[in-house]
Amino acid sequence: MPPLPSSPSLSQTLSMDDSTGSLPSGDALSFYNLPRPKPIWLNDSYAKHIVKGNFMTLSARPKTVEQGEWIAHQVVEHYRNLWNFVRVIHDKDEEGTSICNSQTCPRMSAGANHSFTWLNARKEPVEVPAHEYISLMQRWISGKIDNTAIFPTDPAGVSFAYNTGNPDIASATYASGGLNTPGSNTPIPAGPTALTTSLSQLAGPGDWVGKSSGFPVDFVEVCQTIFRQMFRVYAHLYWAHFIDPFYHLSLEKPMNSCFSHFVLTATEIDMLKPHELEPMQPLIDLWAANGTFPKESKAYACANLKAGERLLSLAGVN
């Protein structure tokens, strides 16, 4: 195997003097309360992709494909993409230790400003280490995709339970992130709720997205929950593991490509709302400013261009 690339110097990733203290209140980045030094994935040099082109061509639904079928396809494909990266941080070394473990990641977080809790059997929020949270989330999503009452396809010989060997926490069985979830600085609605009207029922009385293809009335809500949970995992991968292991293994461009495609798709089919993008908003702003997100996309509409342009200018200063 070729030698692994050296870690980039954090002090050189963004040309901003960390000794200057907090950003001026008028600076476009002051709103985000970013750490110093900035994460390297906010430098345009490390936010590149393995391919060039318009990702909208991958996210646009063909006219001949029913909306429910298209959403189901996107759920499965983006779940598969994500788990290629999760495997990297969950694989154990010779000593039986994974990169993401209770010591390195004692809670499910996306930087210092965002943390997420799970709901136990009594639907109480509990804080668990990131690797356990991700395993619980994986089993929850796998159970939904393999459930033919929700995804009415023949699952014979196919299972999406990639991490069945990971620790099982019987008391933590619900996807978390309700509006009142304590312990999360930016709660993200996730999971079925009776507090809001079913979005899928807005298609009209007795009608909903996916009905003609056999999907249940709550299909859209389930898929939105899946996308929210996958977004949390991506956010943790960026904030906690971008350098080790992904940059070290030269996997940063594939992960950038999959995540930007994920954001474009999730926003286009209304699986993620603008406020739910907050943990990764600076990177979304950067990708809008550097042309990764087409101007006609909903992801571009969610971006703060001034912040993205500010990030570009910082990366370009020597």
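Brief remarks follow.
- Answer from L277, L305 - the residue that is of a type in the set (A, V, I, L, M, F, W, C) and surrounded by fewer than 18 Cβ atoms within 10 Å (Cβ to Cβ): L305
- Within region 263-318, being of a type in the set (V, I, T) and more than 14 Å from the chain's Cα centre (by Cα) holds for I269, T292, V317.
- Failed condition for R232, given (1) in a helix (DSSP H, G or I); (2) open to solvent by 10 Å² or more (accessible area, probe 1.4 Å): (2)
- Applying the condition of being touching a Lys or Arg at 6+ places or on another chain (Cβ under 7 Å) and not in a loop (DSSP other than H, G, I, E, B) to region 1-33 and asking which residue is modelled with the lowest pLDDT yields T13.
- Subset of region 102-154 that is small (G, A, S) and over 22 Å from the mean Cα position of the chain (by Cα) - its residue that is modelled with the lowest pLDDT: A121
- Region 235-256: number of residues that are in contact with a Ser or Thr (Cβ under 8 Å, 6 or more places away or on another chain) and open to solvent by 10 Å² or more (accessible area, probe 1.4 Å): 6
- Top-ranked residue in region 209-229 [being aliphatic (A, V, I, L, M), part of a helix (DSSP H, G or I) and more than 12 Å from the chain's Cα centre (by Cα); ranked as surrounded by the most Cβ atoms within 10 Å (Cβ to Cβ)]: V220
- Listed by position, the helices (runs of 4 or more DSSP H) enclosed by region 34-149 that each have at least 3 residues that are open to solvent by less than 20 Å² (accessible area, probe 1.4 Å) are 67-90, 130-145.
- Every pair of residues 6+ apart whose Cβ atoms lie under 8 Å, when the first sits in region 38-62 and is touching a residue at least 60 places away in the same chain (Cβ under 8 Å) and within 19 Å of P294 (Cα to Cα) while the second is open to solvent by 80 Å² or more (accessible area, probe 1.4 Å) and assigned to a loop (DSSP other than H, G, I, E, B): M56/E296
The values are calculated or read from the model by the stated rules, or taken from the named source; none is laboratory data. Note that the coordinates shown come from a computational prediction; the quantities given were computed from them, not determined experimentally. All Cβ positions, glycine included, derive from the backbone under ideal geometry; neighbour counts span all protein chains shown. These area figures cover heavy atoms from the full protein model, side chains too; ligands, DNA and RNA do not enter into them. Shrake-Rupley method; radii C 1.70, N 1.55, O 1.52, S 1.80 Å.
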